[in-house]
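Everything on this sheet refers to the single structure shown next.
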Amino acid sequence: MANKDELVKAARNPWWQGATAVAAIALVLTFALGGFKQAKSVTKPLPQYQAGHRYQGGAMAATPLRAWVARYKPGGQVDAFNQGKLYLVLQVEIENRTPRSFSGFGYPLKDLILVSKGGTPIPAQSLMMSDDHTIVADLHPRMKQRVDLVWDLPKNYVYSPQETFGVFARDYKAKAYLNDEGAWLQGKPAAKYRIAVSDLRDRMVAP
C-alpha cells in the first residue's frame, strides 16, 4: 500500500508552506467541518466520481480528466540536479461560471485539492495551462480551459495507483462583507474523485 501519510508530513515543511498559506482560509473551514474524512453513518456521504465527470460547484465547473506522477513539471524536463523529486499532476477542464474573470491563484487552487489518507486537504503548488504550460493568470467567464494542477511531492514519496481529490462548492452571497459587497464564498466539501495515477517517471518530456 502507498504511504499517503507522507503528504501530511510534507505539508509541514518549507516546500509546502507557501501554497498552504494561499489556502489557509479554506483549510480552517475544512477542519472545522471535519474535512474530507469518511462520513459517519448519520451523515450523508460525499458523492464520489471518476475521471471525466463534470461537477458544477456554483462559481466553477470542473471536469478532472487524468492524473500522473513524473520527475518533471508539465512542459519541463528531468532536473539533473534534483534526482528523486516527483510531481503529481491533475489535468482538469475548468469553466468559470461567474460573470467576471477570476484569478487562477484563487478558486482553482483553493477548491480543487488532494485528499490525504487521513482526510486532510492539500492544495496544489501551481496551476498551469495544459497547452503551453504557462502559469494560469485569469480564467474568463464561460470559457472552458484545460489546466494542470501540480503538487511537489516529497523526496522518495511512494504514490498510489489511485489518488483521491476533493472539490469545494461556492455560493454567491449578495452581502458577504460589512460593506455589503457580494462574493462567491467557499462552502463545505462537496464531492470526491478517485482517479487512476499513471506512472510517467521514465519519460524525459511532458505528456
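Numbers at a glance
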| read-out | value |
| --- | --- |
| Convex hull of Cα atoms in segment 45-202, direction-averaged projection (nm²) | 10.3 |
| ³J(HN,Hα) computed for each position of segment 109-126 - Karplus, 6.51 cos²θ - 1.76 cosθ + 1.60, integer Hz, glycine/proline x | 6, 8, 9, 10, 10, 8, 10, 6, 4, x, x, 6, x, 10, x, 6, 7, 8 |
| Solvent-accessible area, 1.4 Å probe, carbon plus sulfur percent, for segment 122-207 | 51 |
| Distance between segment 59-138 and segment 183-201 - C-alpha centres, whole angstrom | 10 |
| Estimated distance in nm for a label pair at SER160 and TYR172, the labels positioned 7 Å out from Cα along Cα-to-Cβ | 3.6 |
| Spin-label model distance (nm) - ARG97 vs LYS188, 7 Å beyond Cα toward Cβ | 1.8 |
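The values are calculated or read from the model by the stated rules, or taken from the named source; none is laboratory data. The shown structure was predicted, so the numbers you read here are calculated from the model rather than taken from an experiment. For neighbour counting, all protein chains shown are included, and Cβ atoms are generated from backbone atoms with ideal geometry for every residue, glycine included. To get the accessible areas, we keep the full protein, side chains included, count just its heavy atoms, and leave off ligands, DNA and RNA. Shrake-Rupley method; radii C 1.70, N 1.55, O 1.52, S 1.80 Å.
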